[in-house]
2 protein chains.
Amino acid sequence: MAAEAASLAGHLRLGNLIFLYDDNHISIEGPTALAFSEDVPRRFEACGWWVTRADGHDREAVSRSLEQAAAQGDRPALICARTHIGFGSPAKQDRESCHGAPLGADEVRATKAARGWPLEPAFHVPPEVRRLLEHRKAERAAASRAWDERFAAWRARNPDRAALWDRLHTAAPPAGLFEELVAAAGHEAQATRALSGKVLQRAAALLPGLVGGSADLGPSNNTELKGAGSVGPGSFGARNLHFGVREHAMGAIMNGLALSGALVPYGGTFLVFADYMRPAMRMAALMGLRAVYVLTHDSIFLGEDGPTHQPIEHLASLRAIPNLRVFRPADPLETGAAWALALERLDGPTALVLSRQKLPVLERPAAFQPEHVRRGGYVLVEERPGAPAAVVVATGSEVAPAAAAARALGIRAVSMPSVELFLAQPAGERAAVLPPGARVAVVEASRDLGWHRLVGPDGLVVGMQGFGASGPAEALAEHFGFTQAQIHARLAAWLG
Amino acid sequence: MAAEAASLAGHLRLGNLIFLYDDNHISIEGPTALAFSEDVPRRFEACGWWVTRADGHDREAVSRSLEQAAAQGDRPALICARTHIGFGSPAKQDRESCHGAPLGADEVRATKAARGWPLEPAFHVPPEVRRLLEHRKAERAAASRAWDERFAAWRARNPDRAALWDRLHTAAPPAGLFEELVAAAGHEAQATRALSGKVLQRAAALLPGLVGGSADLGPSNNTELKGAGSVGPGSFGARNLHFGVREHAMGAIMNGLALSGALVPYGGTFLVFADYMRPAMRMAALMGLRAVYVLTHDSIFLGEDGPTHQPIEHLASLRAIPNLRVFRPADPLETGAAWALALERLDGPTALVLSRQKLPVLERPAAFQPEHVRRGGYVLVEERPGAPAAVVVATGSEVAPAAAAARALGIRAVSMPSVELFLAQPAGERAAVLPPGARVAVVEASRDLGWHRLVGPDGLVVGMQGFGASGPAEALAEHFGFTQAQIHARLAAWLG
């Protein structure tokens, strides 16, 4: 019912929006009256829309309604166009039987006969329609040329704004983005959501088209662009969007902003509430849109809010969406890199999965280069000479304790912020990180679905089997087996 | 915003529903006016609700409103109670700072002082409150005893209805349910959604509490209970619910029906639209509720509707939800068994994932017993003596072509309608199906996430890597590599 979008469109007074409601009183199961008795005009009026009614088969009436709607200034407009499904079909007009199925050849002929339309050819276009279309084509071509001329004149008069226009319409990210964002993340131990907030400020300075906000969780998602103002009714020059508690509309609006070709949208909510925007995220993945989801409070370690708010299956279920890249960074460097990779990516969306709680800054080996994060997974702790051929892989908040355990046990530790990105590397790159024949264990405070691709059927995944519980993060770590000592003990037993 | 539920409650004229709207004008990001300017009373009136306003801090006014609301006969009621968040706190009243965080010890003291409340003890209960509660306790205990007496008298006067009441409140399924439903599925090649519709009729005859419907896809989901009437305004003795295009409300309403203790709810939609009801499905899993989701059109083979309607990641993402059992049956026997196992299960929900297209009836080995389906996976084609130790596993529509390929190649084929159920079996049971050391391949027209648990890191999963495409099912099978010949060739190459 698009209730979220309608509510926000009314609030923002989107006067350029005209919605034609094809009100045919038919749903798949039968008359809409089986399940629906809303006073639709009144509901949209309650959301600040201008509403009118028209006979949807009366072209003049629809045309007049469109003109009135366009004249409404700062109110979106709804035209409730009463129509008849299967209009003109003797046997099927106003029946649900023509909702999901074609009329069929016989009924098409019967409809044409009833309307006095030629039966042959099957696809008949009258000459006056052809003439009208030729006329419109010429008319629109002239309008397009006139627009091009006005635009060229505007560019000549406004060189600064034309330069901004060009920057906004350059999809390629600015040079040095990766290094800039890694540097912006700094070197301080913080929650990755807080680090993301720092990186975002720098990203916004580098990409003038970066705009976004949160589904009423801005202070928790750290999504506010400082000093960039709030988008509101009549105030569209700002860069912070307040989506309200409307995750689904947020995801859909992000898709629209990305399609503009000028804007790079981001949107924040808790990871567990990504479920509410999943259909829109799927569309972004299917359409190959650059959108960035800022999904914080990424595990049971959000603590007291308990199992309703603790994501368990969400990492696996996002990783299952084709062409959506999921990134769960572990510290400042990975958080800056994750944002850079999300913004560099032009052919699909990225989910940044971020911790509520403070995480330590990782120590990295001498051979490490920040560019290694581009591979999705990299060697964080090198094995001791002569150590068993075993690797522990971890993501996000589990990297530090897994790395400490690996150091103590003398085995290799790999940080893998993006498993999709890692699996997309050439076999040689992957083998340099996970040597063929090495046993692999994974630590991630999440459902284990998917990780057996790395560990094998009987391999060790230190993960979550069921839902979480309410309590302080430290108590939950102890209860569910994620303290450093418990991870060490699991890995030691696994090494045998 | 619960828009779907509000719309349906108004349509159904649920006069027993009173909703208190805590209208405090504050959201997490600041005043609700940042993102919200709906005329809420008008919006609910448009949905058929009776609406009133009250000062939410005026107990008498709220009490009067509740009495008026209860007297509204057949309209649900909304009481818009204007309140002040952090009421009485000198520093935090009407501020977003007390939305997600406690007032803190100092501000609690300041609030008590400002209201003239004793500062000690910290949790002070005045004697008159204790007296009031003692009085209410006695009053309610008497009311409870009176109700028990009325109920006993009703039972004595209405033995038939009392027997129905007892049947409705018996959670355990009737004896022979499994055999009855396997028999009800018959022996005819049909789409599993059509078989599900047949099984459902028998299940409804055996379980008087079975009620359900579809989110306006009844004719496609085959969810209608024949001759059982439609629930509508004032007509609650029927068993078919018309949820309308409201998947989220459907899932939530199913949870409420299950919590009644008397009803066993089912709800249908397309598998791809399960995304819209995911938060409610997660709650059913978390609360351990018996609910059955009928999810049809389960793969790219739904055909022409194309990638927006073709589920790819949905099987994996549902399998990721803890305590949700997913069943993808392949033929009549498995469809009957799947329904029986879903209804027998008292501690959580089940998703039945069903084909749009007709599937052949499987041939099974002499040793097969229908009870084997209880193990989640079973041997469908026995290997030829001396054959390589290799097994092909498949689900749903991919079982028949995989089994044909296995027969031709002489290897074992396993049908695995529920991988969760299979993985929950004792190791010995699992080993009888997938012998330790045997190589395993999987065929499922879905994202492969999760199957490496069976096949290992470099094993073969004949699945989908990306989104689908629009076309006839046969053309899609050819394009994506799921014809019997293509599956045969992939397996032959894998066997080497």
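Per-structure values
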{"item": "Sorted by Cβ density within 10 Å, fewest first, the residues B:CYS47, A:CYS98", "result": "A:CYS98, B:CYS47"}
{"item": "Sequence-distant residues sharing a close amide H with A:ALA441 (under 5 Å, placed H)", "result": "A:VAL391, A:VAL392, A:VAL393"}
{"item": "FRET efficiency for A:ARG59 and B:ASP39, using Cβ-Cβ distance with R0 set to 25 Å, rounded to 0.05", "result": "0.15"}
{"item": "Derived scalar couplings ³J(HN,Hα) [segment A:415-431; Karplus, 6.51 cos²θ - 1.76 cosθ + 1.60; whole Hz; x for Gly, Pro]", "result": "8, 10, x, 9, 5, 4, 5, 5, 5, 7, 6, x, 3, x, 4, 5, 5"}
{"item": "Semi-axes of the equivalent ellipsoid for segment B:1-126, Cα gyration tensor, largest first, Å", "result": "33, 19, 11"}
{"item": "Cα lying deepest toward the dipole's positive end in segment A:192-251, options A:GLY234, A:PRO219, A:GLN201, charges on Cβ", "result": "A:GLN201"}
{"item": "Where labels lie 7 Å past Cα in the beta-carbon direction, separation of B:PHE236 and B:ALA171 in nm", "result": "2.4 nm"}
{"item": "Whole-percent pair-distance distribution, where bins are 5 Å wide, for the alpha carbons of segment B:143-292", "result": "2, 9, 15, 19, 20, 16, 10, 5, 3, 1, 0, 0"}
{"item": "Neighbourhood charge, 11 Å Cβ-Cβ cut-off, centred on B:GLU313 and excluding it, Lys, Arg +1 and Asp, Glu -1", "result": "+3"}
{"item": "A:LYS137/B:ASP74 FRET efficiency (R0 56 Å; Cβ-Cβ; nearest 0.05)", "result": "0.45"}
{"item": "Kirkwood Rh (inverse of mean 1/r, distinct Cα pairs), segment A:76-138, angstrom", "result": "14.1 Å"}
{"item": "Proximal aspartates and glutamates to A:LYS92, defined as alpha-carbon separation beneath 12 angstrom and excluding residues fewer than eight positions away on the same chain", "result": "A:ASP106, A:GLU107"}
{"item": "Per DSSP, loop chymotrypsin sites (Phe, Trp or Tyr not before Pro) in segment A:122-219 with at most 10 further Cβ within 10 Å", "result": "A:PHE123"}
{"item": "Segment A:VAL125-A:SER144, length gained on full extension (0.36 nm per residue, minus Cα span)", "result": "4.2 nm"}
{"item": "Inter-centroid distance (Cα atoms) of segment B:192-263 relative to segment A:8-26, Å", "result": "32 Å"}
{"item": "Exposed-loop-free span, longest in chain B, where GluC sites (Glu not before Pro) count as exposed if DSSP calls them loop and at most 14 other C-beta atoms lie within 10 Å", "result": "B:1-187"}
{"item": "Vicinal HN-Hα couplings computed from phi for segment B:73-84 (Karplus, 6.51 cos²θ - 1.76 cosθ + 1.60; Hz; Gly/Pro x)", "result": "x, 9, 10, x, 10, 10, 9, 7, 9, 5, 10, 10"}
{"item": "Computed helical MRE - 222 nm, chain A, DSSP H runs ≥ 4 contributing -39500 (n - 2.57), nearest 500", "result": "-11500 deg cm²/dmol"}
{"item": "Hull shadow area, averaged, segment A:361-414 [alpha-carbon convex hull, nm²]", "result": "3.7 nm²"}
{"item": "Rh (Kirkwood; distinct C-alpha pairs) - the protein assembly as shown, Å", "result": "31.5 Å"}
{"item": "Radius of gyration, Dmax [chain B; alpha carbons; angstrom]", "result": "28.0, 89"}
{"item": "P(r), alpha carbons of segment B:305-353 - 10 Å bins starting at zero, rounded %", "result": "24, 44, 28, 4"}
{"item": "For B:SER37, inter-copy label distances in nm, listed shortest first [label point 7 Å out on the Cα-Cβ vector]", "result": "3.3"}
{"item": "Descending principal axes extents, segment A:56-104, alpha-carbon based, whole Å", "result": "44, 20, 13"}
{"item": "Local electrostatic count, B:VAL326, Cβ distance below 10 Å [Lys/Arg +1, Asp/Glu -1]", "result": "+2"}
{"item": "Proximal lysines relative to A:LYS198, as straight alpha-carbon distance under 20 Å, when same-chain residues fewer than 8 apart are discounted", "result": "A:LYS226, A:LYS358"}
{"item": "Qualifying trypsin sites (Lys or Arg not before Pro) in segment A:34-140, DSSP loop, other Cβ atoms within 10 Å at most 15", "result": "A:ARG95"}
{"item": "For segment A:449-464, Karplus couplings with θ = phi - 60° (6.51, -1.76, 1.60), whole Hz, Gly/Pro x", "result": "3, x, 6, 5, 4, 8, 9, x, x, 10, x, 9, 10, 7, x, 10"}
{"item": "Nonlocal amide H pairs with B:GLN190, under 5 Å, H built at 1.01 Å", "result": "B:LEU359"}
{"item": "Residue order, fewest to most surrounding Cβ atoms within 10 angstrom, among A:THR223, B:THR483", "result": "B:THR483, A:THR223"}
{"item": "Size-normalised alpha-carbon gyration radius of segment A:371-478, reference 2.2 N^0.38 Å", "result": "1.08"}
{"item": "Computed P(r) (all Cα pairs; segment A:81-213; 10 Å bins; percent)", "result": "9, 18, 15, 12, 16, 19, 10, 1"}
{"item": "Sorted by Cβ density within 10 Å, fewest first, the residues A:HIS84, B:HIS372, B:HIS135, A:HIS248", "result": "B:HIS135, A:HIS84, B:HIS372, A:HIS248"}
{"item": "Nonlocal amide H pairs with A:HIS242, under 5 Å, H built at 1.01 Å", "result": "A:VAL231"}
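Just so you know, all these numbers are worked out from the coordinates, no wet-lab data involved. Computed from a prediction, not measured in an experiment: that's the story for all the values here. Here the Cβ is made from the backbone with ideal geometry for all residues, glycine too, and neighbour counts use every protein chain on show.
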